[in-house]
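The values are calculated or read from the model by the stated rules, or taken from the named source; none is laboratory data. Everything quoted here is computed from the prediction, not taken from an experiment. A quick note on method: Cβ atoms are made from the backbone with ideal geometry, for glycine too, and the neighbour counts reach across all protein chains shown.
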Amino acid sequence: MKLIAAAATAILVLVGAACDEDTGRINTAEELAAPGAVGDDLPIEMIIYSSNGDEITGVEVSPNLAASAVMLDAADAEVDSIELPKDEFYPLALGTSAIVLQDLARDLEIGDRFEVTLLFDKADDRVVPITVVAAR
């Protein structure tokens, strides 16, 4: 019984930390990329949710993965941030707002996984795992 109470307390502490009144909650889903070769620019896709609305202010990648990452608007113009609407599931993909890895440092094949770090205006930074899948 003590073990169950301790687990319930730990869960409540974690939920409270992840759901701050000011920063809100950030969730991602369907984090995907197509295969790519060294030197390619590679868009990544995901659906992102912000309970209070937020802004992606940057994207960090390992130099072992790509030279850099940029954010694009719907017209594929580079932007400094991506606005996330409050309480909506927002797709990040070419044709909406997108994140593109520039100058891949290594080949990426179906089944490979890598991480990017999203930087937010309000929420804490978020490490997002990406899975390479067949091009859609």
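Name the single residue that is nearest to Ser68 (Cα to Cα) among those in segment 91-134 being exposed (fewer than 15 other Cβ atoms within 10 Å of the Cβ) and among the polar types (S, T, N, Q).
Top of the filtered list is Gln102.
Per-residue answers, yes or no, for (1) of a type in the set (D, E, K, R); (2) touching a helix residue (DSSP H, G or I) at 6+ places or on another chain (Cβ under 7 Å); (3) within 22 Å of Val132 (Cβ to Cβ); (4) free of Cβ contacts under 8 Å to residues at least 24 places away in the same chain:
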{"position": "Glu30", "(1), (2), (3), (4)": "yes, no, yes, yes"}
{"position": "Val38", "(1), (2), (3), (4)": "no, no, yes, no"}
{"position": "Asn52", "(1), (2), (3), (4)": "no, no, no, no"}
{"position": "Leu65", "(1), (2), (3), (4)": "no, no, yes, no"}
{"position": "Ser68", "(1), (2), (3), (4)": "no, no, yes, no"}
{"position": "Glu78", "(1), (2), (3), (4)": "yes, no, no, yes"}
{"position": "Ser81", "(1), (2), (3), (4)": "no, no, no, no"}
{"position": "Lys86", "(1), (2), (3), (4)": "yes, no, no, no"}
{"position": "Gln102", "(1), (2), (3), (4)": "no, no, yes, no"}
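Considering only segment 64-78, how many residues are aliphatic (A, V, I, L, M) and loosely packed, with under 13 Cβ neighbours inside 10 Å?
Initial filter on segment 64-78 (aliphatic (A, V, I, L, M)): 65-67, 69-72, 74-75, 77.
Then drop every residue that is not loosely packed, with under 13 Cβ neighbours inside 10 Å, which leaves 74-75, 77.
So the count comes out to 3.
Name every residue in segment 51-61 that is polar (S, T, N, Q) and either farther than 13 Å from Asp124 by Cβ or more than 12 Å from the chain's Cα centre (by Cα) (or both), in order of residue number.
We begin by selecting, within segment 51-61, every residue polar (S, T, N, Q); these are 51-52, 57.
Within segment 51-61, Ser51, Asn52 meet the criteria.
Residue check, Asp103 against (1) of a type outside the set (Lys, Arg); (2) out of contact with any Gly (no Cβ under 7 Å at 6 or more places or on another chain); (3) modelled with pLDDT of 95 or more; (4) on the phi > 0 side of the Ramachandran plot, all met but one. Which one?
Failing condition for Asp103: (2).
Given the criteria of a type outside the set (D, E, K, R) and surrounded by fewer than 18 Cβ atoms within 10 Å (Cβ to Cβ), does Val61 qualify? Spell out the reasoning first.
Numbers: of a type outside the set (D, E, K, R): yes; surrounded by fewer than 18 Cβ atoms within 10 Å (Cβ to Cβ): no.
No, not satisfied.
How many of the residues making up segment 36-58 are surrounded by fewer than 19 Cβ atoms within 10 Å (Cβ to Cβ), of a type in the set (Gly, Ala, Ser) and more than 15 Å from Glu78 (Cα to Cα)?
Counting residues in segment 36-58 that are surrounded by fewer than 19 Cβ atoms within 10 Å (Cβ to Cβ), of a type in the set (Gly, Ala, Ser) and more than 15 Å from Glu78 (Cα to Cα) gives 4.
Return a yes/no flag: does segment 27-43 have any residue that is over 12 Å from the mean Cα position of the chain (by Cα) and modelled with pLDDT under 95.
no
Find the strands (runs of 3 or more DSSP E) located wholly in segment 20-136 whose residues include 1 or more that are in contact with a Ser or Thr (Cβ under 6 Å, 6 or more places away or on another chain), and list them. Give the derivation first.
On the way: elements: 26-33, 42-50, 54-60, 66-72, 82-84, 88-92, 98-104, 113-120, 126-132.
Per the criteria, 26-33, 42-50, 54-60, 82-84, 98-104, 113-120, 126-132.
Restricting to segment 110-124, what's the tally of residues that are of a type outside the set (A, V, I, L, M) and either closer than 14 Å to Ile44 by Cα or free of Cβ contacts under 8 Å to residues at least 40 places away in the same chain (or both)?
So the first thing to find is which residues in segment 110-124 are of a type outside the set (A, V, I, L, M), and the list is 111-115, 117, 120-122, 124.
Cutting the leftovers down to either closer than 14 Å to Ile44 by Cα or free of Cβ contacts under 8 Å to residues at least 40 places away in the same chain (or both) gives us 111-115, 117.
Counting residues in segment 110-124 that are of a type outside the set (A, V, I, L, M) and either closer than 14 Å to Ile44 by Cα or free of Cβ contacts under 8 Å to residues at least 40 places away in the same chain (or both) gives 6.
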